[in-house]
Amino acid sequence: MAGGNYHNQLYNDYVTLMEKYEMLIAELKKKTAQHKADWEEMQRLTKQIEQKDKMNDQLIKENIELAKQVEVLIKEVARLNQINGMDSTNSGLPTSQTPIQKKKHVPNSRSNSEKSKGGQLGHKKHKLEKFDDQEINAYEEHKAVECPHCLGTVEKIADGKTKDEFDYEVVLVKKRHCFPVYQCTNCHKKIHTPIPVRLKEENQYGPHVQAMALTFMNEGNVSINKTQEMIKGFTFGEIVPSEGYLAKLQQRAARTLAAFSEEMRRHLLTQSLIHWDDTVIMVNQHRACLRFYGDEHLALYKAHMQKNKEGVVEDQLLTLLNENTTVMHDHLTMNYSEEFSFTNVECNVHLLRDLRSCVDNTQHRWADDLAQLIGDTHKKRKQLIADGVDGFSFLETDAFFIKLDECWLLGDKENKKTITFITQRKNGLCSIV
């Protein structure tokens, strides 16, 4: 019995252990399945997080790209606005072509004197002085007809005050020149009074009409048709020279001045400083060129149908100058050709205008700094001249060139940055360096 009970007990224990084992196996499988599900869920969540991170990275890149494109567009808008806003302060546009909606800028190189506007205390008034009695050639007496108080009759008891007036009158002169025929009482030959060349026609305009027309056209730069109208107005419609006559009058005057023009050209060749510039004019509805050579006192004009180097060579002035002559101009690149030997200097007014345009278009600080340096130096120069000083000191000159070099170095850095930006923009990168 004892052996049977023992075996039964072992069997029961075995059964119990097997049940526990199966329960543990089932629990293990359940936990394993749960762990697998948790692992798969974790893997899924990890993938979602990775996808979101990638999406965030992509959005960040897209935002950066959009920000760069916005900056490019802002600069482009600023550039286009600058082109639309060009005037005589930042380009070669003449003051006369300032847009209607903009205020005209009248160039004025005078420095601010810090004085109040208008006449200054102690300043002598400029006025016409009273004529001497012997100068008077016309009189007008202003008479009173009746008493302004009681309307009674009045009589003159004194000369009273006098006031002078300076005026002129246009008097039409229709002059007939007579050239009698004479006969010699000795040889009985007939003698005809010689007729001047200027009186070869039956009737012609006199020297005063010609002088007026040439003054309008050459001193006032008045067009031929307007010159015709102005002479007509001055002469009460009596003298109306044709446009053809006025054109030929210019040609005759030019031929007469040929010797003087050549003398002026030779004189300019001896000067140490010469200015020159050219501009476009219209000749017979075609674009042509009017060129100026001169200094502060002389002006020599040459006209050509083309604005090119051939005309400059034909003028025979710049090509004959050597390195001892300084030529001032408005950044005419042709002047730096190897065909010329003179020393080039450029006009500060046009240089400042170009620097202002550079600042407006690029916002570069170097151009603003250089413009300030030139402006301050120019004011200092004018002050030195006013004080009787004929030049800058060595220290002042040295300081100027040190600041100039600083502007160049900054400009080189800013320009390289802009060039890189433009290059990458063209390549579609639009990155900001």
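The values are calculated or read from the model by the stated rules, or taken from the named source; none is laboratory data. These numbers were taken from a predicted model, which means no experiment stands behind them. Backbone-built Cβ (ideal geometry, glycine too); neighbour counts: all protein chains shown. Ligands, DNA and RNA are excluded from the accessible area calculation, which covers all protein heavy atoms including side chains. Shrake-Rupley method; radii C 1.70, N 1.55, O 1.52, S 1.80 Å.
General observations
- Segments classed as helices (runs of 4 or more DSSP H), wholly inside region 222-331, with at least 1 members that are within 30 Å of Val209 (Cβ to Cβ): 224-234, 243-256, 258-268
- Complete set of residues in region 332-371 that are of a type in the set (Lys, Arg) and crowded, with 17+ Cβ neighbours inside 10 Å: Arg353
- Region 392-430, residues that are at pLDDT 90 or above, of a type in the set (Gly, Ala, Ser) and either outside any helix (DSSP H, G or I) or within 30 Å of Leu66 (Cβ to Cβ) (or both): Ser393
- The sole residue among Leu172, Leu151 that is assigned to a loop (DSSP other than H, G, I, E, B), of a type in the set (A, V, I, L, M, F, W, C) and over 30 Å from Ile239 (Cα atoms) is Leu151.
- Restricting region 191-218 to residues that are open to solvent by 80 Å² or more (accessible area, probe 1.4 Å) and not in a helix (DSSP H, G or I), the residue that is nearest to Phe236 (Cα to Cα): Asn203
- Top-ranked residue of region 219-237 - restricted to ones that are at positive phi and open to solvent by 50 Å² or more (accessible area, probe 1.4 Å), ranked as nearest to the chain's Cα centre (by Cα): Asn221
- Residue match in region 32-51 (condition: part of a helix (DSSP H, G or I), under 60 Å from the mean Cα position of the chain (by Cα) and surrounded by 10 or more Cβ atoms within 10 Å (Cβ to Cβ)): yes
- Test for Thr397: is it open to solvent by less than 70 Å² (accessible area, probe 1.4 Å), more than 29 Å from Leu268 (Cα to Cα) and β-branched (Val, Ile, Thr): yes
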